[in-house]
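Let me begin by presenting the structure, written as structure tokens, before commenting on it.
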Ligand code: AHG
Ligand code: MN
Ligand code: MN
């Protein structure tokens with residue numbers, strides 16, 4: 001006897017097919033998401049075996065396009081994602097944090113694909129060697145119709161043009177969080193069958209919260225207005241539940257994953273020693289802003305919405321204030337206030 005109620009668990013693929021991306025026109029996007037998931041599972045395996053597989057530690061070759069130290073796993077993850085995207089043939093090219101220039105795929109399937117991908121293959125890589133959660137962040141855009149031969153200009157689209165965005169957090173479990181512009185869903189990797197299954201649907205970020213997340217070590221480098229806001233978070237006030245708690249992992253993916261479920265504000269500001277902040281607009285800020293907005297939160301660069309920034313270069317940086325809507329509004333009020341300029 002067949003009972004349709006038994007074993008109702010859907011894989012990410014089945015869920016998208018049935019619900020968020022039903023219909024033939026979405027098949028290529030579903031296939032592209034499958035290519036990303038495959039590489040995500042491979043990275044998860046690399047991280048799980050860690051030192052045993054010899055994949056921890058620094059890469060002794062060159063630095064990346066931002067002059068930052070590269071970890072062995074940064075490169076392993078970059079290769080796994082790019083290879084999977086190339087072999088899948090569902091995307092025309094990639095911007096990656098680990099590649100100064102865009103990567104163009106020349107096989108027939110890829111050339112005819114509608115999509116392009118922007119990716120941070122391994123986020124929070126300074127935490128790899130100490131078993132603290134790291135992640136992958138990605139953004140999917142449509143390849144402009146006018147584009148004959150893909151150039152970096154084709155990638156310079158505002159965040160609000162994103163077709164899909166997601167991250168994979170490699171933590172105590174591996175969780176894949178995705179939006180295709182119809183809310184936010186999460187899928188947890190079952191390591192025994194090596195498959196992502198639906199674990200949370202239509203996630204809503206709490207509107208208000210009592211947690212802020214910032215590298216407090218940079219306090220005296222921050223603009224005065226932000227210093228004042230942080231002081232406000234630290235002050236006692238029964239009505240608003242202050243002082244707020246400070247939580248900072250140092251992996252954007254982990255800090256935002258917590259904020260998505262528990263509420264909170266994540267800050268990476270401009271500072272005297274970093275006038276544009278540190279995080280990259282196209283493959284860190286934009287995808288996270290799309291996810292958080294789809295969950296009912298907000299993302300700002302301090303002045304305007306992250307998703308309406310017109311990008312000028314593929315690796316450009318942006319300050320970011322992102323999370324629960326009430327908290328983003330409050331920090332923005334401080335940042336815009338004439339009192340502290
Ligand atoms: P990446 O490992 O991709 O270079 O990103 C690291 C980022 C981000 O994950 C995190 O929020 C931030 O760097 C932490 O920076 P600080 O050490 O300056 O706080
Ligand atoms: Mn990163
Ligand atoms: Mn990275």
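We did not get these values from a lab; they are worked out from the coordinates using the rules stated. A quick note: this is a predicted structure, and the numbers were derived from the prediction, not measured. As a convention, Cβ positions derive from the backbone with ideal geometry for all residues, glycine included, and neighbour counts pool all protein chains shown.
What is the angle, in °, between the Cα long axis of helix 27-49 and the longest principal axis of the Cα atoms in the chain? Nearest 10 is fine, range 0 to 90. Rounded to the nearest ten degrees, it is 70. Pick out which of 279, 260, 52 has the largest mean-square fluctuation in a Gaussian network model of the chain, springs linking Cα atoms closer than 10 Å. Looking only at 279, 260, 52, the biggest GNM fluctuation is shown by 52. Among 82, 267, 102, the largest mean-square fluctuation in a Gaussian network model of the chain (Cα springs under 10 Å) belongs to 102. Across 196, 219, 105, mean-square fluctuation computed from a Gaussian network of the chain (C-alpha pairs under 10 Å connected) peaks at 219. Using a simple spin-label model with pseudo-atoms 7 Å out from Cα toward Cβ, residue 87 and residue 247 lie 3.7 nm apart. Principal axis extents of the C-alpha atoms in the stretch 211-340 (largest first, rounded to whole Å): 44, 32, 26. Note on residue 182 and residue 194: the extension gain reaches 1.7 nm, defined as 0.36 nm multiplied by sequence separation minus the Cα-Cα distance. Each residue, residue 22 and residue 145, gets one label point 7 Å from its Cα in the Cβ direction; the gap between the two is 2.8 nm.
The stretch 169-238 and the stretch 306-320 have Cα centres spaced 20 Å apart. The ranking of 261, 81, 155 by Cβ neighbour count inside 10 Å, starting from the fewest, reads 261, 155, 81. The tail of the calculated P(r) for the chain beyond 26 Å holds 48 percent of all Cα-Cα pairs. The length gained by stretching the chain between residue 303 and residue 106 to full extension, at 0.36 nm per residue less their Cα-Cα distance, is 66.9 nm.
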